[in-house]
1. Would you kindly derive the ³J(HN,Hα) couplings of region 95-104 from the backbone phi angles with the Karplus curve 6.51 cos²θ - 1.76 cosθ + 1.60 (θ = phi - 60°), listing them in order in whole Hz, with x for Gly and Pro?
2. Taking the chain as a Gaussian network, where each spring joins two C-alpha atoms under 10 Å apart, which residue of R20, R129, R164 fluctuates the most?
3. Report the extension gain between Q53 and R20 in nm, rounded to one decimal, defined as 0.36 nm multiplied by the number of residues separating them, less their alpha carbon distance.
4. When the chain is treated as a GNM, springs tying every alpha-carbon pair under 10 Å, which of A58, A33, A179 comes out with the largest mean-square fluctuation?
5. Mean-square fluctuation check for the chain, GNM, Cα pairs under 10 Å: which of L140, L60, L122 is largest?
6. Applying the Karplus parametrisation 6.51 cos²θ - 1.76 cosθ + 1.60 with θ = phi - 60° to the phi angles of region 68-83, what ³J(HN,Hα) value in whole Hz is obtained for each residue in order, glycine and proline being reported as x?
7. Counting each DSSP H run of 4 or more residues in the chain as -39500 (n - 2.57), what helix-only mean residue ellipticity at 222 nm follows after dividing by all residues, to the nearest 500 deg cm²/dmol?
8. Amide H of I187: which non-local residues (sequence gap of 5 or more, or other chain) have their own amide H closer than 5 Å, using H built in the peptide plane?
Amino acid sequence: LFPEPVNDPHGRPALALIHRPAHVQGRMPVLPAGVSEDRPSMWISYCAIEPAQANPAALLAWRDHTLLATPAQPWEETKIGGGTPPIRTAHGWLTIYHGVKGKILEGVDHQPHVHYSAGAMLLDIDDPRTILYRSSESILAPEADEERDGIVPNVVFPTGADLRANGQVDIYYGMADSAIGVARLEIPTQLGAQP
């Protein structure tokens, strides 16, 4: 969830969330019309505030589902999904998301060939459906022993972000599903052009 209301596609104040729906034939709805990417991807959906204030049951009515991002880089070739809640910065909404590389085998618990890494995405403050920046390389990958060896090996999974002083953000992340790590990210005062 975004930590504060944003404008929905119709310009109304709304709650917004980034999520990853499952589109599995027979178990869940198939891909929406006009969407051809079948790898798990990131979506953004909205819940208008005014109806929710009048009737809390409206909090169950999320609308304007929009495909936000699909796997685009080798480090996230299998799937991508949410991570930290977006945080407001001078440049836009910053979220640290996860990407997966390697074929996931159904019904197999130990899959050391699969790697979970983290990337950064910056969304427009006024229209969070617009991606202003997306890291082409992972910013955090399983390298330390605690990230490579554990219940699920080769995993860094971002889950929390704490905006600190001087443009620093502490990123809290799961380490091989066995421990919690923290990494510090420096937010630049100016952004260069995305490569």
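Read the figures in this text as sums done on the coordinates, not as results from a lab. Note that this is a predicted model, so its numbers are computed, not measured. Positions of Cβ are generated from backbone atoms using ideal geometry, with glycine treated the same way; all protein chains shown enter the neighbour counts.
1. Per-residue couplings from phi come out as 10, 9, 10, 10, x, 10, 10, x, 7, 8 Hz.
2. Ranking R20, R129, R164 by mean-square fluctuation puts R164 first.
3. Extra length available between Q53 and R20 comes to 9.3 nm.
4. Looking only at A58, A33, A179, the biggest GNM fluctuation is shown by A33.
5. L60
6. 9, 8, 10, x, 10, 10, x, 6, 10, 5, 8, 6, 10, x, x, x
7. When only DSSP H runs of four or more count, the value is -1000 deg cm²/dmol.
8. Q168, V169
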